[in-house]
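Notes follow the structure.
The values are calculated or read from the model by the stated rules, or taken from the named source; none is laboratory data. In this text, all values refer to a predicted model and were calculated from it rather than measured experimentally. Backbone-built Cβ (ideal geometry, glycine too); neighbour counts: all protein chains shown. Surface areas here come from the heavy atoms of the whole protein model, side chains and all, with no ligands, DNA or RNA. Shrake-Rupley method; radii C 1.70, N 1.55, O 1.52, S 1.80 Å.
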Amino acid sequence: VVGFGDAGQVAKTLAECGVDAIFVNTDFNSYGGDISALKRVVKAVSGFPEEERPAILMKDIVIDPIQVAQAAEAGADGVYLIASICGPRLEDLLDACTVMGMEGIVEAHTPNEAKYAHSLGATIFALTNWDRSDNGLDPGHAIKLRNFLPDGIGAVCVATGGLFTSDLGTPADEAMLYGDSGFDGVVAGR
């Protein structure tokens, strides 16, 4: 997650460290970011060889396909879609991603959200410990949720939401716990 004064420099440093993806918050009200930060990040990593360049994802409260188009125009590889916020619009937003050659990363907190997103063809999931309905954190919830997405469905699952802030061990221990639970990666936030 990039939320610093020089988003481009931070992104370049993260890319040099070998991260697979960089989420750029463009929600000004919650994180102070905007579309110009996304453009700076895209530009900063554009010189990396394709196989070394991390994917750049716009993270915002995405509720309209025009936002997907804005992310595409800025050069993002994908957008972060929060199932609990998108509701029935999730299908249109995933379709917009497909049409624009982008990925939709779907955040899910409940089994129903995960199953619904999967039924719509979502292939990348951010299973979260945060319950957006009450802004509560339940460490390890994502692990329980992972069991609702069967192995072998061709989906990528990353764990997110309050990671490395709980009593699940050191950051390395916690990352290994998620890996052992079937996750393909973890999202290290702010």
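First select every other residue whose beta carbon is under 14 angstrom from the beta carbon of residue 75; then total the charges, Lys and Arg +1, Asp and Glu -1. Here the charged neighbours net out to 0.
Most simply put, the chain has about 5% antiparallel DSSP beta bridges, counting only bridges with both residues inside it. At a probe radius of 1.4 angstrom, the accessible area of the range 79-184 per residue rounds to 48 square angstrom. Between residue 46 and residue 13, full extension at 0.36 nm per residue minus the direct alpha carbon distance yields a gain of 10.6 nm. Taking a sphere under 13 Å around the Cβ of residue 183 and counting the other residues whose Cβ falls inside, with K and R at +1 and D and E at -1, yields a net charge of -3.
Within straight-line reach of residue 115, meaning a Cα separation under 21 Å, sit the following lysines at least 8 residues removed in sequence or on another chain: 144. Among the listed values (1) 38, 38, 33; (2) 136, 46, 29; (3) 58, 34, 25, the one computed from these coordinates for Cα extents along the principal axes in Å is (1). When the Cα gyration tensor is reduced to axis lengths a ≥ b ≥ c, the ratio a/c is 1.5 or higher for the range 68-137, and with a/b above b/c it is classed as prolate. Excluding same-chain neighbours fewer than eight residues apart, the lysines reachable from residue 12 by a Cα-Cα span under 29 Å are 39, 43, 59. Decide, for the range 131-189, between rounded, prolate and oblate: order the square roots of the alpha carbon gyration tensor eigenvalues as a ≥ b ≥ c, take rounded if a/c falls under 1.5, and otherwise choose prolate if a/b is larger than b/c, else oblate. Here the range 131-189 falls in the oblate category. With the whole protein complex present, residue 36 retains an accessible surface near 50 Å², based on a 1.4 Å probe.
Looking at the chain, identify the longest residue range that excludes and avoids all GluC sites (Glu not before Pro) in DSSP loops having at most 14 other Cβ atoms within 10 Å. The answer is 53-190. Bridge orientation summary for the range 113-190: considering DSSP beta bridges with both residues in this region, about 20 percent are antiparallel.
What size of dipole, in debye to the nearest 20, comes out for the range 1-58 about its Cα centre when the only charges are +1 on Lys and Arg C-beta atoms and -1 on Asp and Glu C-beta atoms?
Values: 5 positive and 8 negative charges, 42 e Å.
Rounded to the nearest 20 debye, it is 200 debye.
Considering only 124, 142, 9, the residue lying farthest towards the positive end of the dipole of the chain is 9, judged by Cα position with unit charges set on Cβ. Ellipticity at 222 nm from helices only: DSSP H runs of n ≥ 4 in the chain, each -39500 (n - 2.57), divided by the residue count, give -10500 deg cm²/dmol.
Candidates 30, 90, 18 compared by Cα position along the dipole of the chain: farthest toward the positive end lies 30, with charges placed on Cβ.
Can you check what the net charge comes to around residue 50, using other residues whose Cβ is under 15 Å from the Cβ of residue 50 (Lys, Arg +1; Asp, Glu -1)? Walk me through the intermediate numbers first.
Numbers: positive: 53; negative: 20, 51, 52, 77.
Taking every other residue near residue 50 into account, the sum is -3.
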